[in-house]
Amino acid sequence: MTATAPATWPDSPAGGALGDGRSALATCRPHDLDALCQVVRDRVALGHAIYPQGGCTALDYGGIPRRPGVAVDTRSLSQLIDYPFADMTITVAAGMTLSALRAILAEHQQRVLVDAPFPDRATLGGIYATNTTGSRRYGAGRPRDQIIGVSFVTAEGAVVKGGGRVVKNVAGYDFPKLLTGSMGTLGIITQMTLKVRPIPEAAAIAWIPFTSVQPLTDALDQLNTSGTRPIALDLLNPSAAGMIGQGLGLPGDRAVLVLGFEDTVESVQWQIGRLTTELGRTDLTVVEGEPTAPLWDALTEFQARSLGPIGFVANVRPSSVATFSLALDPEKWSVQAHAGNGIVRGQALGERTLEEAAGEIDALRRSAVRDGGNLILARCPTEWKERLRVWGQPRPDWAIAERVRAALDPHGAMNPGRFVWGSLT
């Protein structure tokens, strides 16, 4: 018989942080898979909620933890499991950091096409649970496109596996994709198999300033039929261009299109030349070779900046990105948009009251929803989360997602309150 969970949150922070001002009853650090399964079984039997943690780079992301429970730190599960580099796949434990994975792959001149802020802290399980992505998503695809196998521990302490080491594996539930972005509410990711790719021979990033919306929109339209194949296509408003270009010698007083290219030396040089011809621009700045690394990092780290009280992520049609992004006052908002994907990230500048923030977010969300998208809050004060609706406008498929969650976690023990089904009750 399951015991009743504690009625109140602990007063002492000694048990560890869960985010949003909540403290854990304890932090468990299992040293292997068997220990993890036992921790989950024991704690769920006591009525405790389970809050998976890795590098804690997104500890306040999502809704507010709903009921008292324990943090489960997965960082001890960080070993390399299998790396048949000739097959272009790697299997690792999910507590491994992105930096550690990159170091392993670099020995064979390979890489994984996943980007995340704080790579020295961010674990692979956390990156996939939060569906973290960066500018290379345009050409490389989403995190879920890079994962072909996954293992996870359910709320009953059972190990479930899905997918496999071969790319063509489609039998049954597609657990690798289902777990991606699940916020730890379906189970604790313990192992994953990822596709890897060769490190490209050359890289270049074109930095192209614009003074108004129409020429920028025209340029984006031209790129739809371009002979080039950029791996990244970002739009920065003037304040974001200033922040990201600062210290890198790049002009940041206007809106900027950022196009990234990675391929052979000949291909990258040809694409930069073709881009210059197609856009008819001679004032673009091109960063090539090793100096592209800090610029890639700055583009990725923008989403983790805490510039003001709130940060949002909206999705709109790619054709609406320029209008949506540049309608925001650059004195009040710093904006980075993955223009080819229709993803817009906004960071508030300066102070806001709750009602001021609510008015702005409600208007932006209505605009995104009219365009067939939505708007979520990546960051805001805990006491604002309910009013601002961190997961955005409710969607019909949330009910389907809730049924999947209930099937895998009938106890409601896994990360309760954090994901969209917390908005259904």
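FYI, it's all coordinate maths here, none of it is from the lab. Since the structure is predicted, the reported quantities are computational estimates derived from the model, not experimental observations. Methodologically, a virtual Cβ is constructed for each residue, glycine included, from the backbone with ideal geometry; neighbour enumeration extends over all protein chains shown.
Averaged over residues, the count of other Cβ atoms within 10 Å places the peptides 288-300, 141-153, 356-368 in the sequence 141-153, 356-368, 288-300, highest first. Using a simple spin-label model with pseudo-atoms 7 Å out from Cα toward Cβ, residue 159 and residue 85 lie 2.7 nm apart.
In this label model, residue 386 and residue 290 are separated by 5.5 nm, measuring between points 7 Å along each Cα→Cβ vector. For residue 212, project a label point 7 Å along Cα to C-beta. Then give me every residue of the stretch 326-366 with its amide nitrogen under 16 Å of that point. Answer for this model: 326-327.
Which shape class applies to the chain: rounded if a/c is under 1.5, otherwise prolate when a/b exceeds b/c and oblate if not, where a ≥ b ≥ c are the square roots of the Cα gyration tensor eigenvalues? Oblate.
Here the Karplus curve 6.51 cos²θ - 1.76 cosθ + 1.60, taken at θ = phi - 60°, turns the phi angles of the stretch 102-117 into couplings of 4, 5, 4, 5, 4, 4, 10, 6, 10, 8, 10, 8, 10, 10, 7, x Hz, with x standing for Gly and Pro. How high is the FRET efficiency between residue 393 and residue 306 when r is their beta carbon distance and R₀ equals 25 Å, given to the nearest 0.05? The value I calculate is 0.50.
Give me Rg over Rh for the stretch 202-301, both radii from the alpha carbons and Rh done the Kirkwood way, two decimal places. Please list the in-between numbers first.
Working: Rg = 12.6 Å, Rh = 13.5 Å.
Rounded to two decimals, Rg/Rh equals 0.93.
Distances between placed amide hydrogens fall under 5 Å for residue 379 paired with 311, all partners being 5 or more residues away or on another chain.
Coupling constants for the stretch 366-379 follow from the phi torsions by the Karplus curve (6.51 cos²θ - 1.76 cosθ + 1.60, θ = phi - 60°), and in residue order they are 4, 5, 5, 5, 4, 8, x, x, 7, 9, 10, 9, 6, 7 Hz; glycine and proline get x. Under 15 Å from a label point set 7 Å out along the Cα-to-Cβ vector of residue 351, the amide N atoms of the stretch 303-323 belong to 308-310. Could you work out which residue, out of 115, 397, 283, moves most in a Gaussian network model of the chain, that is, has the largest mean-square fluctuation with Cα springs under 10 Å? Result for the chain, Cα springs under 10 Å: 397 fluctuates most. Between 404, 390, 196, the GNM of the chain built on Cα springs shorter than 10 angstrom shows 404 fluctuating the most. Around the amide H of residue 199, modelled in the peptide plane, lie the amide H atoms of 110, 111, all under 5 Å away and 5 or more residues distant in sequence or on another chain.
Among 72, 256, 160, the largest mean-square fluctuation in a Gaussian network model of the chain, built with springs joining Cα atoms closer than 10 Å, belongs to 160. Across the stretch 229-238, rounded Karplus estimates of 3J(HN,Hα) from the backbone phi angles (6.51 cos²θ - 1.76 cosθ + 1.60, θ = phi - 60°) give 9, x, 8, 9, 9, 10, 10, 10, 6, x Hz, Gly and Pro being marked x. Subtracting the Cα-Cα distance of residue 102 and residue 402 from 0.36 nm times their residue separation leaves 104.5 nm of extension gain.
Placing +1 at every Lys and Arg Cβ and -1 at every Asp and Glu Cβ, with all other atoms neutral, what dipole size does the stretch 202-301 have around its Cα centre, in debye to the nearest 20? Please report the intermediate quantities before stating the final value.
On the way: 4 positive and 13 negative charges, 46 e Å.
Approximately 220 debye in magnitude.
Assuming a ≥ b ≥ c are the square roots of the Cα gyration tensor eigenvalues, decide whether the stretch 318-370 counts as rounded (a/c under 1.5), prolate (otherwise, with a/b larger than b/c) or oblate. The shape class here is oblate. Near residue 20, no amide H atom lies under 5 Å from its own; only residues 5 or more places off or on other chains count, and H is placed 1.01 Å from N.
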